[in-house]
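No lab work stands behind these numbers, since they all come straight from the coordinates. Source: prediction; values computed, not measured. Note that each Cβ is placed from the backbone with ideal geometry, even for glycine, and that neighbours are counted across all protein chains shown.
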Amino acid sequence: MEKSVISEFKIVEEPKRPISMNPKKFAMWLFMGSVIMLFAAFTSGYIVRRAEGNWVYFDLPFLFTISTIVIIASSLTMQFAYWAAKKDNLESVKILVTSTSVLGLAFLVLQFEGWKDLVSNQVYLVGNPSGSFLYIITGLHGLHLISAIVFLLIVLVATYRYRVHSKNLVQMEMCLTYWHFLGGLWLYLFVFLLLYR
Amino acid sequence: MATIDLHTHTSTEHHDDHGHDHAHHGNFWTNYVFCEDHKVIAKQFLITGMAWALIGGTLSVLFRLQLGFPNADLSWLKPILGGWLTPEGKIDPEFYLALVTMHGTIMVFFVLTAGLSGTFSNFLIPLQIGARDMASGFMNMLSYWFFFISSCIMFISLFISTGPASGGWVIYPPLSALPQAMQGSGLGMTLWLVAMVFFIVSSLLGSINYITTVINMRTKGMSFTKLPLTIWAFFFTAIIGILSFPVLFAAALLLVFDRSFGTSFYLSDIYIGGEALPNQGGSPILFQHLFWFLGHPEVYIVLLPALGITSEIIATNSRKPIFGYKAMVGSMLFIAILSFVVWAHHMFVTGMNPFLGSIFTLLTLIIAVPSAVKIFNYVTTLWKGNIKFTAAMLFSIGLVSFFLTGGITGIFLGNSAIDIQLHDTYFVVAHFHLVMGSASFFGMVAGVYHWFPKMFGRMMNEKLGYVHFWFTFVGVYLVFFPMHYIGIAGFPRRYYSWTNFETFSGFADLNMLVSIAAIMTLAAQFLFLFNFIYSIFRGKQASANPWNSTTLEWTTPRLPGHGNWPGEIPTVYRWPYDYSKPGSKEDFIPQHIPYSETPESNLAHENDLIKLEMSEDAMTVEKDHTH
């Protein structure tokens with residue numbers, strides 16, 4: 001009796017498994033959640049402190065505007081790299097990931113040069129908290145960007161070893177998400193710092 | 001279509017099993033030290049946590065000696081404390097502050113966060129949701145070892161010549177920011193901050209792993225509505241951790257900059273010896289905002305796992321389904337959300353806008369609602385239950401008792417007007433030690449008693465457990481109940497001595513009683529320690545399911561190996577609380593028993609579910625064909 005039941009149900013669709021996505025990607029999203037909380041803490045601390053007065057106003061260096069454009073460009077190249085990987089166009093992936101890393105480095109250099117401009121404008125790390133906040137927020141974002149560049153290099157090496165292709169995109173997708181995230185985070189910080197000086 | 005998926009699935013499982021076999025033959029280092037198996041990591045957390053609990057408890061007895069017997073000659077402690085005793089045989093006042101600080105830090109972070117969440121989230125999440133291991137064993141291993149590094153640094157800070165951090169576990173600046181302020185604000189504070197950075201990394205790695213595992217690794221049929229309440233609790237705890245620990249990181253980072261790089265986030269207008277410090281424009285209140293944005297959720301990081309464990313134990317040992325499963329989940333969610341919007345009730349007396357104070361009062365008092373829901377649900381689960389008074393059950397009931405007594409004083413403290421009198425007095429100490437400290441500690445101990453058979457394959461001694469329970473339960477009330485009176489009388493916390501104030505001489509005997517009770521309570525913990533160690537080696541052998549419980553971990557063999565289930569992972573068909581179901585032969589029906597096997601106890605709508613089950617059975621049998 002039971003056997004016949006079994007054969008009857010053989011072609012039944014697979015029963016529902018619990019909803020799930022790739023655990024590594026999911027962990028990545030959670031990590032980005034904690035990074036958001038970190039910067040939310042800094043920016044809300046910034047607002048609270050600013051509201052108390054005794055706040056030295058500063059002008060963001062022009063270089064930060066350029067670096068913003070650079071990081072947007074790097075997001076574009078990264079997106080193109082992902083699309084190339086999807087089409088198994090590995091040569092373009094290599095070029096595009098490399099150019100993303102170079103743009104990322106350029107962003108960091110521009111940030112650093114921007115700091116120099118700030119110093120010449122008498123905005124220092126040690127002094128009024130407005131400047132201290134500015135350096136720490138941009139510096140911490142830079143640190144995260146360094147980690148993303150390391151991730152890019154890992155993906156680049158994997159591409160050379162043929163471990164990134166249309167059937168194996170998890171690493172690429174995670175790197176893409178992280179890169180876009182840090183770009184978006186910078187945009188938020190940039191606009192925030194422009195509005196609340 | 002479905003068959004193809006199945007084939008790939010079976011092959012990966014085979015692959016997994018192979019890996020597990022491999023790990024079995026690993027050496028000592030891969031099996032016990034840098035192990036990626038969630039059960040071993042859980043035991044590592046548990047044992048480290050217990051070591052910390054002993055240290056933290058001993059510190060508290062040391063300062064209770066000072067408070068209860070201010071005139072006693074403690075020179076017999078010279079071999080341990082050395083230079084921290086004054087020539088007259090008294091505890092050095094600065095060391096007293098260090099003791100209080102380290103007691104708080106150790107208990108809140110190292111025992112009740114890492115020791116509780118680390119142990120039971122790691123141990124129970126894969127076992128109860130039906131997974132072979134955590135989502136990332138490597139991250140899990142890292143999480144423990146970051147915790148271990150953090151523990152080492154914090155432990156070392158106890159022994160340096162200037163003493164450990166002494167500014168209170170809340171490390172408010174400017175006290176903690178200026179090395180000149182006190183001895184403990186020098187190297188001790190630096191080590192504290194470094195240790196906490198590692199701790200935050202460990203906690204985040206752990207939390208990310210817990211959430212990922214709960215969402216992605218559940219076995220077939222384990223929908224969210226069939227999750228045991230323990231898993232719900234660990235899940236919410238991990239979410240709170242991910243959202244709040246980064247904020248503590250931010251606060252600590254700014255403090256590090258103030259301490260070491262000369263910035264002035266928290267410092268302004270400070271004169272030391274008549275000399276003004278260069279720091280201008282900072283705000284110490286900013287630190288309090290950032291700190292308590294972590295600090296208050298931290299209370300629930302500590303408490304929620306204990307509440308989850310209690311739900312499980314009370315239902316099992318009352319032989320009744322938990323009352324109001326959905327209300328339990330809902331109240332935990334509500335508590336988790338509210339925990340983020342009440343932080344300023346720690347700061348009522350910082351000169352806050354009174355209007356803001358009333359808003360935070362309102363939000364704080366709302367927490368009483370989900371908390372009361374939980375207490376009522378515990379009581380109604382117990383009500384008319386066929387109660388089995390195991391040691392775990394006693395500790396769980398103890399938790400409910402503390403949660404209630406401690407919770408009620410929370411209603412007083414959450415009120416911004418009454419807080420003016422009660423702020424930073426022993427009333428606060430009594431409140432949070434009952435509602436968060438003792439309650440969570442009881443949850444942890446209950447969990448150890450309850451899951452010991454699954455952890456070590458042996459039973460703990462019940463009689464010793466009863467003795468442990470009564471001494472601890474009575475001891476805790478004797479310690480913390482009198483503190484309410486001392487607190488209402490206005491005794492400030494963290495004070496080394498009250499002998500300078502005539503007003504406070506009246507409570508000397510009460511303080512003595514508290515100290516004696518504290519010593520008794522600590523002594524009782526050694527019974528537990530003995531029971532724990534003795535039972536690991538000599539305890540009575542446990543059966544696979546000694547408590548006749550329904551959740552998945554009890555379907556594993558007595559000593560689950562790598563991968564937890566030797567064969568296939570069981571499929572889940574019912575919710576985890578089918579105890580004493582009318583019509584059923586046994587008084588419990590485990591989660592993996594399909595409704596088709598229990599026609600005598602099924603409800604009407606459950607009979608309808610049988611059809612769905614059939615298809616799942618067909619798949620299982622088909623899998624066997626492929627073998």
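Side notes on the structure shown:
- The amide H of residue B:425, built 1.01 Å from its N in the peptide plane, has B:493 as neighbours under 5 Å, considering only residues 5 or more places off or on other chains.
- Test item: B:237-243 mean partner chain Cβ contacts at 10 Å: 2
- Put the Cα centre of the stretch B:338-396 next to the Cα centre of the stretch A:168-182 and the gap is 41 Å.
- Summed side-chain charge close to residue A:168 - residues other than residue A:168 whose Cβ falls under 13 Å, Lys, Arg +1, Asp, Glu -1: +3
- Spin-label pair residue B:27-residue B:611: with each label point 7 Å from Cα along the Cα-Cβ axis, the two points sit 6.0 nm from one another.
- Every pair of different Cα atoms in the stretch B:388-509 enters the Kirkwood calculation, which places the hydrodynamic radius at 15.9 Å.
- Value of D in µm² per second that Stokes-Einstein yields for chain B, Kirkwood Rh from Cα pairs, at 37 °C (0.692 mPa s): 127
- Computed over the stretch A:23-195: relative contact order in percent, which uses C-alpha pairs under 8 Å that are six or more apart: 31
- Cross-link partners for residue B:78 among the lysines, with Cα-Cα distance under 25 Å and sequence neighbours closer than 8 places in the same chain left out: B:90.
- Using Cβ point charges alone (K and R +1, D and E -1), the dipole size of the stretch A:23-195 about the Cα centre works out to roughly 620 debye.
- As a calculated quantity, the FRET efficiency between residue A:180 and residue B:326 at R0 = 45 Å, using C-beta atoms, amounts to about 0.75.
- The phi torsions of the stretch B:580-590, fed into the Karplus equation with coefficients 6.51, -1.76 and 1.60 and a -60° offset, translate into couplings of 6, 6, x, x, 6, 5, 8, 8, 8, 10, x Hz, rounded to whole numbers, with Gly and Pro shown as x.
- Most mobile of A:62, A:42, A:107 in a GNM of chain A (Cα contacts under 10 Å): A:62
- Computed from the C-beta positions of residue B:223 and residue A:187 and an R0 of 45 Å, the FRET efficiency is 0.70 to the nearest 0.05.
- Shielding by partners, peptide B:132-144 (average Cβ within 10 angstrom, other chains): 1
- Charge dipole magnitude, Cβ of K and R +1, D and E -1 - the stretch B:32-538, Cα centre, debye nearest 20: 2040
- Label point distance in nm, residue A:88-residue B:520, each placed 7 Å from Cα along Cα→Cβ: 7.8
- Nearest-0.05 FRET efficiency for residue A:120 and residue A:194, computed from C-beta distance (R0 25 Å): 0.80
- For the stretch A:23-195, the normalised intensity computed at q = 0.11, 0.14, 0.16 Å⁻¹ comes to -0.50, -0.75, -0.92 (log10 of I(q)/I(0), Debye sum over alpha carbons, equal scatterers, no solvent).
- Distance between the stretch B:267-321 and the stretch A:120-165 - C-alpha centres, whole angstrom: 29
- Cβ neighbours within 10 Å from other chains - mean over A:30-42: 6
- Two-site label geometry, residue B:467 and residue A:59: point separation in nm, points 7 Å out along Cα→Cβ: 7.9
- Per principal axis, descending, Cα span of the protein assembly as shown in whole Å: 94, 72, 53
- Take every Cα pair under 8 Å whose residues are at least 6 apart in sequence, average their separation, divide by the length of chain B, and the relative contact order is 15 percent.
- Most positive-pole-ward Cα, B:247, B:579, B:300, against dipole of the protein assembly as shown from beta carbon charges: B:579
- Candidate cross-link partners of residue A:87 among the lysines, defined by an alpha-carbon separation under 20 Å and a same-chain spacing of 8 or more, comprise A:167.
- Helix B:462-488 axis, angle to chain B major axis (alpha carbon atoms, nearest 10°): 40
- Cα centroids of the stretch B:455-513 and the stretch B:543-609: 42 Å apart.
- Prolate/oblate/rounded label for the stretch A:13-117 (Cα gyration tensor, a/c 1.5): oblate
- Neighbour count of at most 12 Cβ within 10 Å plus DSSP loop: longest GluC sites (Glu not before Pro)-free window in chain B: B:89-599
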